[in-house]
Structures are given as C-alpha cells and as structure tokens.
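Here's the structure we're looking at; comments come further down.
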Amino acid sequence: YRPQDLTALARFEWFEMDYRSHMMPNQMDGMKIAHASGVSLRGLSLALALATVTALVGSWLSCLHIFYTHGALTANVNTWYAAMGRGGYDLLQNRLNNPTMTDVPRVYAALVGAGVTAALTALRARLVWWPFHPIGYVVANTFTMDWLWFPTLLGWLCKALTLRYGGVRLFRAALPFFIGLAVGDIVVSALWTLLFLLMNIPGYRTFPI
C-alpha cells in the first residue's frame, strides 16, 4: 500500500477496532421483534433514530466532562478511552516508519479461515443434524469468549436437552423463560448502574465486556 492508502485506511479504524459498538445487529433484532409482535416499524425506526442521536450527543458530552474534570490521561480515568482516538494513527505511524512486505502466511491463514467458514455455512444449510455454526468458528479465538464461553455452552446444552427430550413443543414453551433470563440480567445490571449514579457512589462492573 502507498502512504496515501494507509492514511485513508487509518480513518476507518474507529469502527473496525471494536465490533461491540456496531448498532446494526441490535437494530435488526429490534425490528425483527417488532415485526413479530405487530409493533409499527415506522415508529420503531423513529425511536431508534432519536435514541441514536441522544446517545451520540450524551456520550460526547459525558466524555468531555470526565476528561476535563478528572484528566483524560490520569489514573482517575481509564486511558483506553483516550487511547482509542489515536490508536489507528499510532498504527499508521509505525507502518510508515517501519514498512514491511506482505505477510504471506497471514494471507494464507485468512484464505483458509474464509474457506472453513464457507464450508461450515454450506454444511449447516444442507444438513439438519450438523451441530457446528460458522459464527462459533469465527468468535472462538476472540477475547470475548474468555468471559462468554460458559454461558454460551450452558445455553447450547439447555437447548439441546430441551429439543432432545421435549421436542419443538417444549422448546417453544420454554423459550420465554430463557429470554426472560437474558433480559432480566440486562435490566438488573442497568438498574444497579442507575442506582450508583443517583447515589453518587462507586459501583462495580456488572457486564463482563
């Protein structure tokens, strides 16, 4: 790549660095739920747009307030938040100052990974009994699974046992219960966060990532 190309690519690092910040999957899930429950998609789209704008403005203002009140690069603030702003440009500077040739093994690894993902996708689409999902292969080696591997395994085990011994009827009957567990975990964590904020006391991290 030319220096101009690398500089242009560095500008896209902000949304490629961490996929937890992508809004589209959550929005699509919300629209799917709205469609299934008869909620107006137009009203939901308006609510999502309003929530997005509110969240963007609120996050910018809160970050500026925290940075200028406590110091962006002090021990009072997680420096990760400040480092992400320059992360892509730090990588750019290193690549420009220390140019390297194409990493051929990584290219081969990417091609093999794409091939395995395509094969898993095809097998899952054609074989009803095929147990392995391509998403599992993709996320298996991410740091996220350090925290989520056991809940994922537990959820899969509950689903497998329910389908095996109770069939589709029991699975559909039990689905609201398990959805309630997931939603309840999020709601309770959000309530704790709100309580800590209102009481102005130090809290604890309720979500693993």
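The values are calculated or read from the model by the stated rules, or taken from the named source; none is laboratory data. As the structure is a prediction and not an experimental result, all values here were calculated from the model. Reconstructed Cβ throughout: ideal geometry from the backbone, glycine too, with neighbour counts over all protein chains shown.
Quick notes on this structure:
- When the range 96-109 is filtered for residues that are farther than 23 Å from Thr7 by Cα and surrounded by 10 or more Cβ atoms within 10 Å (Cβ to Cβ), the ones remaining, listed by number, are Tyr108, Ala109.
- The lone exception for Met101 - which of (1) outside any helix (DSSP H, G or I); (2) modelled with pLDDT of 90 or more it fails: (2)
- For the range 192-203, the tally of residues that are surrounded by 11 or more Cβ atoms within 10 Å (Cβ to Cβ) and free of Cβ contacts under 8 Å to residues at least 12 places away in the same chain stands at 4.
- Residue list for the range 1-54, filter: over 25 Å from Thr144 (Cβ atoms), of a type outside the set (A, V, I, L, M, F, W, C) and either in a helix (DSSP H, G or I) or within 23 Å of the chain's Cα centre (by Cα) (or both): Pro3, Gln4, Asp5, Thr7, Arg11, His35, Ser37, Arg42, Gly43, Ser45, Thr54
- Within the option set Val128, Val139, being farther than 25 Å from Tyr19 by Cα, without any contact (Cβ under 8 Å) to a residue 12 or more places away in the chain and of a type in the set (Val, Ile, Thr) holds for one residue only, Val128.
- Matching residues in the range 57-95 - criterion: being within 27 Å of Leu6 (Cβ to Cβ) and of a type in the set (Ser, Thr, Tyr): Thr79, Tyr81, Tyr89
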